[in-house]
Amino acid sequence: MKANTYWDNFHRKGIALAIVRIVAGIRGLVWTLVTAMVMSLGWVGTVAAASPFELTDWPGPAVNPSFALTDSLGHPHTLNDYQGKVVVIFFGYTRCPGPCPSELLTLALAIKSLPRSTPVQVLFISLDPEHDSADKLLSYTRHFHSSFIGLTGTSQQLDQAAGEFGVTYARVPAGSDYVISHDTNTYLLDKTGRLRLVATLESKPRQIAHDIALLAREN
């Protein structure tokens, strides 16, 4: 009985495997026919137009975010100050243990790979005004690249700026101190101030530089 059961199961598995292969073959044939039809009718361009960018498009229509913050020298800034430049924005804080220095290093490598004439500005927006003094913010950003600008403001100003990009953050107690939990995306705006692309911690310097260059060449 055991032997018969074994061979019965063996045959059932063999039949099931054959059915799976037949179905897969039919699906492959159907997909091949559909692809050939699409190509023959000239639909390829409308079915999937390849994006020239390597980063992720901002979901939904492009928007023009705005904010009013202060740089490390105490000068007020809005996004209008950077019209004509590709603007790259990352939110974080100087005591951030991992994501912030990692992403700023990635951005520094991307900027260094571009021609010096490229119209681009990287902004690091600190979400920790209590600890990130002007001097600390200045030395922190310049550690990565001399052109990086650190911005901060009041809690209300930072809430407004973060909200413009859909960034969430929270102050989390840690022993006698606190850390800041925050989103780690990087945002790219074109020369007109429109939010166009989003990079993640997995994005490579080459990809970011590639897309900055494309945005910089747009009229």
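Taken together, the values in this text are just the output of simple stated rules run on the coordinates, not laboratory data. For clarity, every value in this text was computed on a predicted model and none was experimentally measured. Note that each Cβ is placed from the backbone with ideal geometry, even for glycine, and that neighbours are counted across all protein chains shown.
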Requested in this report: May I ask you to list the residues in the stretch 96-152 that are under 20 Å from THR168 (Cα atoms), surrounded by 14 or more Cβ atoms within 10 Å (Cβ to Cβ) and more than 20 Å from the chain's Cα centre (by Cα)?
Outcome: ASP128, PRO129, HIS131, ASP132, THR152
Query raised in the report: Under the condition of being over 14 Å from ILE89 (Cα atoms) and touching a residue at least 40 places away in the same chain (Cβ under 8 Å), which residue from the stretch 183-208 is surrounded by the most Cβ atoms within 10 Å (Cβ to Cβ)?
Result: SER203
